[in-house]
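These notes concern the structure reproduced below.
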Amino acid sequence: MAVKHVLLLGGHGKVSQLLTPMLLRKSWNVTSIIRNPDQVAHLEQLGASSGGPGKLNVLVRSIDDVKSESQAQAVIDEVKPDYVVWSAGAAGKGAPERFEIVDRDATCYFIRAAVATPSVTKFILISFIGCRYEKAPWLDEAHWQQYLVSTRQPYDRYYRAKIVADQELYEAGKIRKDFAAISLRPGRLTMEPVGKVSLGKIDHAEGPSSRASVAYLTALLLDSDAKSCWLDMLDGDEDPEAAVSRCIAEGVDCVEGERFVTKN
């Protein structure tokens with residue numbers, strides 16, 4: 001079986017640093033994109049200490065400087081990955097317009113470049129559980145309104161950037177049948193270890209999500225036959241492996257209810 005190669009965008013983020021050794025231990029190769037050369041040695045040490053046979057390559061590239069699909073395509077052509085994971089983001093650092101530069105525009109450029117590359121067959125975008133235009137049909141209206149006031153409104157600019165990218169990923173998943181476009185959508189991120197999860201259509205739009213569990217679910221989804229979908233995720237009471245298998249078997253897709261979903 002050919003060794004899989006993952007392009008990990010936002011390689012120094014907390015989720016990415018948890019995900020990287022998981023992938024290396026699967027005997028996969030990882031190319032990790034970071035923008036600060038001072039972080040290279042730390043990531044290389046992370047790879048060396050993983051104990052995995054996979055190979056880690058660290059590239060210093062500024063995602064902020066990706067201003068077109070062709071520039072994103074140049075990175076993908078250089079790396080030649082099988083899968084792409086987007087775990088980058090402005091994270092409130094730098095000028096406010098970085099939300100549009102990174103979380104919206106650069107994300108969309110990489111999604112378009114990935115789906116235009118036949119050898120890339122999977123793209124996982126780390127989004128967040130309440131990133132929706134419309135209330136999900138399975139959510140309680142009172143709870144949704146409370147969520148909008150307490151959580152989403154304070155982060156409105158971030159939301160408006162991320163939802164564009166989520167829709168872009170949904171549209172990309174319709175272009176190629178052999179391209180899995182997956183939006184993994186956790187809640188409030190914590191540093192708890194890998195644990196049991198709630199995955200799929202959850203009856204509330206906020207709550208804690210272990211970063212380690214997000215990373216582990218990402219690894220499981222990469223190593224599965226999952227199709228294009230949105231998957232909401234919180235800490236819960238189901239084993240991650242069982243949760244992923246269930247969602248795949250049942251065709252769970254949390255994009256249901258959005259205004260842009262194609263009606264059959």
Please indicate, with yes or no, whether at least one residue in the range 137-151 is under 17 Å from MET233 (Cβ atoms) and of a type outside the set (Ser, Thr, Tyr). yes
Residue identified as of a type in the set (Ser, Thr, Tyr), surrounded by 16 or more Cβ atoms within 10 Å (Cβ to Cβ) and free of Cβ contacts under 8 Å to residues at least 40 places away in the same chain among TYR109, TYR159: TYR159
Whichever residue in the range 16-31 is buried (at least 21 other Cβ atoms within 10 Å of the Cβ) and either within 14 Å of the chain's Cα centre (by Cα) or aliphatic (A, V, I, L, M) (or both) and, among such residues, is nearest to ALA114 (Cα to Cα): VAL30
Condition first: within 24 Å of LEU189 (Cα to Cα), more than 21 Å from the chain's Cα centre (by Cα) and surrounded by fewer than 20 Cβ atoms within 10 Å (Cβ to Cβ). Can you find one or more residues in the range 51-68 that meet it? no
Scanning the range 122-156 for residues that are in contact (Cβ under 8 Å) with a residue 40 or more places away in the chain, more than 30 Å from VAL6 (Cβ to Cβ) and charged (D, E, K, R) gives GLU134, LYS135, ASP140
Of all the residues that make up the range 208-231, how many are touching a residue at least 60 places away in the same chain (Cβ under 8 Å) and either among the aromatic types (Phe, Trp, Tyr) or surrounded by fewer than 19 Cβ atoms within 10 Å (Cβ to Cβ) (or both)? 3
Filter result (of a type in the set (Val, Ile, Thr) and surrounded by 14 or more Cβ atoms within 10 Å (Cβ to Cβ)) within the range 232-264: VAL244, ILE248, VAL252, VAL255
Does the range 218-240 contain at least one residue that is part of a helix (DSSP H, G or I) and over 19 Å from LEU23 (Cα atoms)? no
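For (1) more than 24 Å from LEU23 (Cα to Cα); (2) charged (D, E, K, R), each residue gets a yes or a no:
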{"site": "LYS80", "(1), (2)": "no, yes"}
{"site": "SER87", "(1), (2)": "no, no"}
{"site": "PRO96", "(1), (2)": "yes, no"}
{"site": "THR107", "(1), (2)": "no, no"}
{"site": "VAL115", "(1), (2)": "no, no"}
{"site": "PRO118", "(1), (2)": "no, no"}
{"site": "LEU125", "(1), (2)": "no, no"}
{"site": "PHE128", "(1), (2)": "no, no"}
{"site": "TYR133", "(1), (2)": "yes, no"}
Single unsatisfied condition, ALA205 versus (1) surrounded by fewer than 16 Cβ atoms within 10 Å (Cβ to Cβ); (2) out of contact with any strand residue (DSSP E or B) (no Cβ under 6 Å at 6 or more places or on another chain); (3) assigned to a loop (DSSP other than H, G, I, E, B): (1)
Aliphatic (A, V, I, L, M), touching a Phe, Trp or Tyr at 6+ places or on another chain (Cβ under 9 Å) and closer than 23 Å to PHE260 by Cα: is that true of LEU184 in this structure? yes
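Values quoted throughout were computed directly from the atomic coordinates according to the rules given, and no laboratory measurement underlies them. Because the structure is predicted, anything quoted here is derived from the model rather than measured. Quick reminder, even Gly has a Cβ in these numbers, built from the backbone with ideal geometry, and neighbours come from all protein chains shown.
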